[in-house]
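Okay, structure first, notes after.
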Amino acid sequence: MRIAVIGGGPGGLYFSYLWKKRHPDAHIDLFEQNPADATWGFGVVFSDQAMEFLTADDPETVEAIAPRMESWKNITLNLRGESVEIDGVGFSSIGRLDLLKILQARAASVGASLHFDTQASLDQVNGYDLIVAADGLNSLVRRAFEGDFGTSLSYSSNKFAWYGTTKRFETLSQTFVATERGSFNAHHYRYAPNMSTFLVECDRATWEHYGFAYKDPDQSKAICEEVFAEALGGGMLISNKSVWRNFPWVWNERWFFKNMVLLGDALHSAHFSIGSGTRLAIEDAIALAKALESEAHVATALARYEADRKPIVKKLVTAARTSADWYANFADHMKLDMMDFAYSYITRSGRIDDARLRAMSPAFMARYEASRPGLAQGGAA
């Protein structure tokens with residue numbers, strides 16, 4: 001089988017590696033428009049559950065990634081000078097470029113042909129048996145056949161900018177800050193011993209009150225450094241294409257058309273507040289490879305990929321939308337007392353009830369219930 005993979009992000013690279021390793025006679029060409037060492041953003045996060053899933057399917061790749069990862073078991077919330085830790089919520093993080101380099105090396109080691117600085121056209125890949133569109137939110141393939149894929153696109157109202165910092169954070173942390181002109185939130189976590197992601201978010205009203213639409217990147221960065229001076233310990237933010245964006249919601253009702261199939265952000269997007277974009281892309285790659293192996297024909301394999309994977313992704317994307325709705329109103333949640341705020345935060349996606357929270361985060365839940373007499377017996381209101 002001759003396969004063209006468009007897009008050299010984690011999903012495209014991982015599929016190329018996985019398929020070529022299992023099928024050495026296959027011919028795989030991966031086309032990536034950017035240089036091999038180019039990326040945007042900073043660290044990417046995997047939940048413990050995601051790492052367990054990947055370990056079960058491909059322990060060798062986990063062994064390659066794990067030494068470069070930072071891991072922790074708690075989430076820390078910071079509000080009005082108070083901090084609360086929520087135990088038992090394990091994550092690991094790695095620099096996005098580190099992850100790409102590892103996956104590039106693994107794909108090349110099994111014989112996949114990687115073409116960087118190459119903008120693939122639909123004419124160029126016309127002769128392949130299968131075209132895997134893993135080319136992200138602005139997917140060439142998806143945009144060319146939006147009607148056939150049943151594409152929908154919308155945007156969250158909040159604004160965000162993705163920075164880095166040399167400040168080390170011991171856990172995945174959320175810092176919420178109220179100013180005279182509006183409220184901000186920062187998602188921050190280390191992804192290397194001396195580097196952390198620092199993603200700044202605010203609602204549109206706050207963004208407009210600060211005049212960010214008329215600020216250049218350096219001016220925006222300076223304002224964010226001032227707002228989060230305490231969290232940053234007086235340090236500076238680092239920019240890497242760190243411009244203000246609205247989170248895009250991409251969904252495709254049909255996952256394939258002819259011999260073209262979508263995966264990762266080209267297919268669906270999940271809000272960064274649940275940290276699952278890279279995980280979903282890699283799991284898509286695994287599901288696509290399994291479907292192709294289980295069916296004799298490409299068309300039936302692609303139908304199986306959609307049928308098997310779609311309900312799983314839809315469930316997670318629904319949770320991501322619920323989580324994003326919470327963030328759209330985080331300024332209102334900030335009015336709660338600290339423990340109610342923390343409870344509201346950790347249950348925001350609708351996937352965690354009190355029983356699960358007691359099992360997952362016993363120290364936090366004991367503290368929360370102690371602050372609410374009678375709660376343990378009656379359940380949360």
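We did not get these values from a lab; they are worked out from the coordinates using the rules stated. Just so you know, these numbers come straight off a predicted model, no measurement behind them. Don't worry about glycine lacking a Cβ; one is built from the backbone with ideal geometry, like all the others, and counts go over all protein chains shown.
Some points to look at:
- Plainly put, region 33-159 has a radius of gyration that is 1.04 times its Kirkwood radius, both from alpha-carbon atoms, as the Rg/Rh ratio.
- Region 303-356: translational diffusion in µm²/s, Stokes-Einstein, Kirkwood Rh over Cα pairs, 10 °C, 1.306 mPa s: 125
- Rounded to 5, percent antiparallel among DSSP beta bridges of region 1-100: 70
- Spherically averaged projected area of the convex hull of Cα atoms, region 197-313: 9.5 nm².
- Dipole axis of region 267-341 (+1 Lys, Arg; -1 Asp, Glu on Cβ), positive-most option in Leu267, Thr300, Tyr327: Thr300
- Estimated vicinal HN-Hα couplings, Hz - region 249-263 in sequence order (Karplus 6.51, -1.76, 1.60; Gly, Pro = x): 9, 10, 9, 10, 5, 10, 8, 8, 8, 6, 9, 10, 9, 9, 8
- In a simple Cβ point-charge model (Lys, Arg +1; Asp, Glu -1; nothing else charged), region 35-104 has a dipole of about 320 debye relative to its Cα centre.
- Assigned charges on the beta-carbon of Lys, Arg, Asp, Glu; the chain dipole about Cα centre (debye): 220
- Computed log10 I(q)/I(0) for region 75-122 at 0.25, 0.26, 0.29, 0.31 Å⁻¹: -1.00, -1.02, -1.05, -1.07, from the Debye equation with unit scatterers placed on every C-alpha and solvent omitted.
- All Cα pairs of region 1-92, percent lying beyond 19 Å: 58
- Ranked by the mean number of other Cβ atoms within 10 Å of their residues, highest first, the peptides 150-159, 262-271 come out as 262-271, 150-159.
- Descending principal axes extents, region 107-197, alpha-carbon based, whole Å: 57, 38, 20
- Considering only the chain, percent of DSSP beta bridges that pair antiparallel, nearest 5: 70
- Point-to-point label distance, Arg358-Ser294, nm (Cα→Cβ direction, 7 Å offset): 3.7
- Tail weight of P(r) past 26 Å, computed on alpha-carbon pairs of the chain, percent: 54
- The Rg/Rh ratio of region 135-246, with both radii computed over alpha carbons and Rh defined as the Kirkwood radius, is 1.06.
- Scattering curve values for region 257-321, log₁₀ I(q)/I(0), Debye with Cα scatterers, q = 0.17, 0.20, 0.26 Å⁻¹: -0.56, -0.75, -1.11
- Of Lys167/Lys290; Lys215/Lys315; Lys73/Lys310; Lys258/Lys314; Lys20/Lys314; Lys241/Lys290, pairs whose Cα-Cα distance is over 32 Å: Lys167/Lys290; Lys215/Lys315; Lys241/Lys290
- Cα-derived Rg over Rh, computed across region 224-381 with Rh taken as Kirkwood radius: 1.09
- Rounded to the nearest 20 debye, dipole of region 173-215 from Cβ charges on Lys, Arg, Asp, Glu: 140
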